[in-house]
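Structure, as structure tokens:
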Amino acid sequence: MDTTWTVEGMTCGHCAASVREEIEEIPGVTSVEVDHASGAVVVTSEAPISRDDVAAAVAEAGYSLV
């Protein structure tokens, strides 16, 4: 299952890596693709994941989920 989110504030590859690493820790997530230029984050998971879980992971990385 793929879900696309938008993250605000990323400016470089390091930003994208930080967001990816935090989201990958959410149980059930199998892969994460992050485009820092557009802010797009595609999360592939075994089952639906909650917006709150994604928002918390993004906040832990220092960014905001739109």
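Just for the range 22-51: of the residues that are among the acidic types (D, E) and under 12 Å from W5 (Cα atoms), which one is farthest from the chain's Cα centre (by Cα)?
D35
Would you be able to tell me the number of residues in the range 39-66 that are touching a residue at least 24 places away in the same chain (Cβ under 8 Å) and part of a loop (DSSP other than H, G, I, E, B)?
8
Report whether or not G9 is closer than 12 Å to A61 by Cα and touching a strand residue (DSSP E or B) at 6+ places or on another chain (Cβ under 9 Å).
So G9 passes the test.
Does the range 4-32 hold any residues that are β-branched (V, I, T), exposed (fewer than 14 other Cβ atoms within 10 Å of the Cβ) and part of a strand (DSSP E or B), and which are they?
T4, T6, T30
Bear in mind that the values in this text are calculations on the coordinates, not laboratory data. Every value quoted in this text rests on a predicted model; they were computed, and no experiment measured them. Using ideal geometry, Cβ is built from the backbone for each residue, glycine included, and neighbour counts are taken over all protein chains shown.
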